[in-house]
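Below is one structure, written out as C-alpha cells, with a few remarks after it.
The values are calculated or read from the model by the stated rules, or taken from the named source; none is laboratory data. Bear in mind the structure is a predicted one, so any value in this text is a computation, not a measurement. Note: ideal-geometry Cβ built from the backbone for every residue, glycine included; neighbour counts use all protein chains shown. Please note that ligands, DNA and RNA were not included when accessible areas were found on the heavy atoms of the full protein model with its side chains. Shrake-Rupley method; radii C 1.70, N 1.55, O 1.52, S 1.80 Å.
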Amino acid sequence: AAGKYARSSTPKVGSVLVFRRSSRLAYGHVAVVSRVLSSRKILLTHANWVPHRVNQDVLSVDVSPNNDWSQLRVWWPPSNQLGAGVYPAYGFIHNNRSLAADQISENARRFVTVATRN
C-alpha cells in the first residue's frame, strides 16, 4: 500500500483494517470497515474470522492506550460477545474513492455468492 494508497490510524468506511501477525493470527488478517460508530467503535465485514464464513457488520473496539487502533477486540459470533483476546493491528489502508456502507454490504453478498459457486 505504501506510495499507492493513503494509510492512517483513523477508520473510514471502505478502508481495510490490517491486523498484524500474532500467535492467534499466523498470517495476519484483513477486514473492511463497513461503518464507523465512534472514534473507538467500528463495524467490520470480513471472511474467515469464523472459519468458512463471511461476517458482516461485526463490532470491533479500539482498546489501544493512544486511541490509534493498534490494539483491538473483535466480536466473536459463536459466543455472541466481544472476544477476550486483544489483537494487534497496523492501521487502515484507505480506498482512493469513497464507498457507502450499502455498497460494501452488496459487494460482500456478491463475493460470497461467487465463492460458494466455485
Heavy-atom accessible area of Asp57 with all protein chains present, probe 1.4 Å, nearest 10 Å²? 70 Å²
Which of Ile93, Ile42 is most accessible, then next, and so on - probe 1.4 Å: Ile93, Ile42
Label point at Asn95 placed 7 Å out along Cα→Cβ; residues across region 21-40 whose backbone nitrogen lies under 19 Å: 30-38
Would you pull out the residues with amide H under 5 Å of Asn95's amide H, same chain only if 5 or more places away, H placed 1.01 Å from N? Ser15, Val16
Report Ser38's accessible area, 1.4 Å probe, all protein chains in place, as a number in Å² to the nearest 10. 50 Å²
Two-site label geometry, Gln71 and Ala1: point separation in nm, points 7 Å out along Cα→Cβ: 2.1 nm
